[in-house]
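The values are calculated or read from the model by the stated rules, or taken from the named source; none is laboratory data. The structure presented is a predicted model; accordingly, all values stated were derived computationally and were not measured. Quick reminder, even Gly has a Cβ in these numbers, built from the backbone with ideal geometry, and neighbours come from all protein chains shown. The area values use the complete protein model at the heavy-atom level, side chains included, leaving out ligands, DNA and RNA. Shrake-Rupley method; radii C 1.70, N 1.55, O 1.52, S 1.80 Å.
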Amino acid sequence: MGEKITYETIFARSFSRYDQKKLGYGAFLGCLLIALSFCIVFKPYLGPLPVLNMRMSMDVGLNMLRIMDSFSSEKLRGGDISSSMTTIVTETSSSEIEMVEESDTTGTNETISNGTTVIKNKNSSQQKEMKTVCHVEESTEFCEMNGDIRVDGNSSTVFMAVDTMVANSSWVIGPYARRGDEEAFKRITKWSIKSGVDAYEEAPQCDQRHNVPAIIFSTGGYAGNNFHDYTDIVLPLYLTSRQFDGEVKFLITDKNPWWIEKFRNILQKLSRYELVDIDKEANVHCFTSVIVGLKRYPKELKIDPSKSPYSMKEFRQFLRSAYSLKKENAINMKDNGGKKRPRLLIVSRKSTRAFTNTDAISGMATRLGYEVVVTEVDSHVARVAEMVNSCDVMMGVHGAGLTNMVFLPENAILIQVIPIGGFEWLAKTDFGEPSKDMNLRYIGYKIKTEESSLIQQYPPDHEVLNDPYAVQKRGWYEFKSIYLQKQNVNLDVDRFRATLLRALELLHQ
């Protein structure tokens, strides 16, 4: 009748119930200590879980034009969003949505205030930063890329080559700073920007590696029109590249050799390197930093100094340096004591919106005390810049030639002759407002119907002469064909005399 002895029985006999209870508590605490020690020892090797950081601020309606593949609705519902590259989409307007992916497989992530994820390698004191930031603004869009960047001109594609599990993303951009203008973009090559696993596998091998940043921009669009040359390309290129102090390479798409020749002084001042016609390149060019597209502000010929380290004053100083212009300030008649005549430049035109009585205007100005120069501006920028810079007053009919006001000395005067046709808004937007930021004095002279050559082409009661806004409603091309292409100006010299006297008065201040 022996008792069956088991391990449990022995355990029960060896300890009292109180002793058993104490032993259970001790075992539990021991397990906790072991688990805590495990976490402390292995903490440095544990990476954080992927984080999706989405920030939205809204004033009025949200208007995002594109949402990248890496943030598809499937991924937002719980799919894998792991990445070692930061992709940010921003729209500079009253609404903004910013999306950031953060993760790390080699160390720890640190997210700084601007949303950029800095990837730290625990095996190195160096920090490696890989990111693509694409900006969508009112008048432009551009992407800033840092990392292993490969530019393939044959396919018009920029690859962000990252050899880790990165969510795929893509972007298509026209690198020309007049966003939304369909007519201009008919002559602009679209570029694809790709990142992620697919981009890494697809990215071609490097043929040429460069140790300076690159900027990709187009000389298509409205290039060739002097106004658009400056407001769409030259000024945006200055804003985008000036930060590199010449240590940047220009990759030009839709390259126009005549445009390059026209602005060679400016290009050489902004970059110390040979230009690359990227569309014709068989080689794949590799960089660690690339900007696709150009920065600009919505208004024409404008820099907002509150949002930029530069200003129109500095831009004009840059131009004076690029063309070795000597005259910094317009004549001050008060200090001059009448010893020297102020110099007046009359911008003439051969075809449309030309002065038909230039000799009469010149004679009247000479009698008032001006030294008069009459010239037609052309594509020889160095010669034009020197001529404009030597003058104190520049006058001309509304047109691209007035853009050369950028070369006028400080405190000079711009007189814009405004034809009939409801030009006031265009005259103000293109030249009136920009001249103020250039530290120029502006005078607008609106002609009367009798001073327009259109009175010889249409009867007195025609809507072209009496209701130009009705013509405007029928579209830009009809408006342009009448008021811009068929109209010349015969100034009423007696009436215009008061405008030149006002300019003299300003020069005495």
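The table below gives the values:
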quantity	calculated
Within the stretch 261-281, tally of residues that are in contact with a helix residue (DSSP H, G or I) (Cβ under 8 Å, 6 or more places away or on another chain) and either not assigned by the TED database to the domain that holds Q208 or not in a helix (DSSP H, G or I) (or both)	3
Tally, over the stretch 431-446, of residues that are among the hydrophobic types (A, V, I, L, M, F, W, C) and either modelled with pLDDT under 95 or open to solvent by less than 10 Å² (accessible area, probe 1.4 Å) (or both)	2
Residue match in the stretch 281-291 (condition: modelled with pLDDT of 95 or more, touching a Phe, Trp or Tyr at 6+ places or on another chain (Cβ under 7 Å) and under 19 Å from N146 (Cβ atoms))	yes
Test: residue in the stretch 463-474 that is closer than 27 Å to N225 by Cβ, in a helix (DSSP H, G or I) and in contact with a Pro (Cβ under 9 Å, 6 or more places away or on another chain)	no
Hits in the stretch 451-496 (condition: closer than 20 Å to T358 by Cα, touching a residue at least 40 places away in the same chain (Cβ under 8 Å), surrounded by fewer than 16 Cβ atoms within 10 Å (Cβ to Cβ) and out of contact with any Asp or Glu (no Cβ under 7 Å at 6 or more places or on another chain))	Q485, V493, R495
The stretch 126-138 residues that are under 16 Å from G180 (Cα atoms), paired with ones that are at pLDDT below 95 and open to solvent by less than 30 Å² (accessible area, probe 1.4 Å) (beta carbon under 8 Å, 6 or more apart)	H135/T90; H135/E91; V136/V89; V136/T90; V136/E91; E137/E91
From the options V489, V493, V417, V464, residue that is under 37 Å from the mean Cα position of the chain (by Cα) and over 27 Å from L235 (Cβ atoms)	V489
Count - residues of the stretch 282-301 that are in a loop (DSSP other than H, G, I, E, B) and open to solvent by less than 50 Å² (accessible area, probe 1.4 Å)	6
2 or more residues open to solvent by 10 Å² or more (accessible area, probe 1.4 Å) and closer than 20 Å to Y445 by Cβ: qualifying strands (runs of 3 or more DSSP E) within the stretch 364-430	371-375
Which listed residue is without any contact (Cβ under 8 Å) to a residue 40 or more places away in the chain, within 29 Å of E328 (Cβ to Cβ) and aliphatic (A, V, I, L, M), from A365, A400, A427, A412	A427
Residue within the stretch 343-358 that is assigned to a helix (DSSP H, G or I) and either touching an Asp or Glu at 6+ places or on another chain (Cβ under 7 Å) or surrounded by fewer than 17 Cβ atoms within 10 Å (Cβ to Cβ) (or both) present	yes
Top-ranked residue in the stretch 242-260 [being touching a residue at least 60 places away in the same chain (Cβ under 8 Å) and in a helix (DSSP H, G or I); ranked as surrounded by the most Cβ atoms within 10 Å (Cβ to Cβ)]	R242
Residue tally, condition in contact (Cβ under 8 Å) with a residue 24 or more places away in the chain, touching a Ser or Thr at 6+ places or on another chain (Cβ under 9 Å) and open to solvent by 40 Å² or more (accessible area, probe 1.4 Å), over the stretch 302-315	1
